[in-house]
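Worksheet for the structure shown next.
The values are calculated or read from the model by the stated rules, or taken from the named source; none is laboratory data. All of these numbers come straight from a predicted model, not from anything done at the bench. Because the Cβ atoms are built from the backbone with ideal geometry, glycine has one as well, and the counts that use them run over all protein chains shown.
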Amino acid sequence: MIKYYFILLFFTLFNCFGQEVSEINKALEIPDTLEFQKEIRIYKDYSISNTVEIFRMYDEGKDNWKVQIFSYSKNNNAVTKIDVITFPKENVGKLKPKDAYLIWLNFLLWDLEFLPDLKEINYKLKLSSIKFEDGEYITIKNIKTVTDGESYKVFIKNGSIENSFSFNNPETYLKHYPTVDELISYNKLLSIIKKEFNLWND
């Protein structure tokens, strides 16, 4: 007879994406639907603060890319900061041109158009082993759940393909489950943001 032991290790308390995305979009004065044929939005919610940060990158057409970075106050339901990044075709002072389309292709390399929510891959987030105990073999499943910290909601549109997915604490999960493809993709997405835009490096 095989016995299953599910060991739940809660690192922290429960966390959810605090504000409705449509409420945030209203404050940002952007539509809920993705406007452009190539567009990505990432909403980052810090459970220990009252701020949501939003990264938005889109092509207005003819390889005319823009990035907007917003800070949103959950307490005041208001935008507290807006940064806009454009992509010059030539050197501007010490700034060298970045190829925005190449950054976009790097996003697509990690299957963002098809990634599911973290909750949809819960069945992968376990460490299983077999143990001989009391004269029989039993299966032990260690499940580590990280439920507080940083949560992300992603929306992406690439032509006719649209997708949205959410995840939380991807770096912590990846340490425990380094072979899960979806966790690798979540982390690669964030690493591109950090490298190319010097954002979320804390």
Test: residue in the stretch 157-167 that is assigned to a strand (DSSP E or B), among the polar types (S, T, N, Q) and free of Cβ contacts under 8 Å to residues at least 40 places away in the same chain: yes
Failed item in (1) hydrophobic (A, V, I, L, M, F, W, C); (2) within 15 Å of the chain's Cα centre (by Cα); (3) part of a strand (DSSP E or B), with F70 passing the rest: (2)
Some residue of the stretch 151-166 being out of contact with any strand residue (DSSP E or B) (no Cβ under 7 Å at 6 or more places or on another chain) and either closer than 26 Å to S49 by Cβ or hydroxyl-bearing (S, T, Y) (or both): yes
Pairs where the first residue, in the stretch 25-43, is touching a residue at least 60 places away in the same chain (Cβ under 8 Å) and the second is assigned to a loop (DSSP other than H, G, I, E, B) and aromatic (F, W, Y), C-beta under 8 Å, 6+ apart: Y43/F17
Matching residues, the stretch 88-125, being more than 30 Å from E60 (Cβ to Cβ) and either of a type in the set (S, T, N, Q) or without any contact (Cβ under 8 Å) to a residue 60 or more places away in the chain (or both): K119, E120, N122, Y123, K124, L125
Restricting the stretch 1-45 to residues that are surrounded by 11 or more Cβ atoms within 10 Å (Cβ to Cβ) and closer than 30 Å to E136 by Cα, the residue that is modelled with the lowest pLDDT: F10
Whichever residue in the stretch 99-155 is of a type in the set (F, W, Y) and under 14 Å from the mean Cα position of the chain (by Cα) and, among such residues, is nearest to T172 (Cα to Cα): Y152
Sole exception among (1) part of a strand (DSSP E or B); (2) on the phi > 0 side of the Ramachandran plot for D63, by number: (1)
Odd one out for L112 among (1) at pLDDT below 80; (2) of a type in the set (A, V, I, L, M); (3) in a loop (DSSP other than H, G, I, E, B): (1)
Hits in the stretch 126-174 (condition: at pLDDT 90 or above, surrounded by fewer than 20 Cβ atoms within 10 Å (Cβ to Cβ) and more than 29 Å from E60 (Cβ to Cβ)): E171, T172, L174
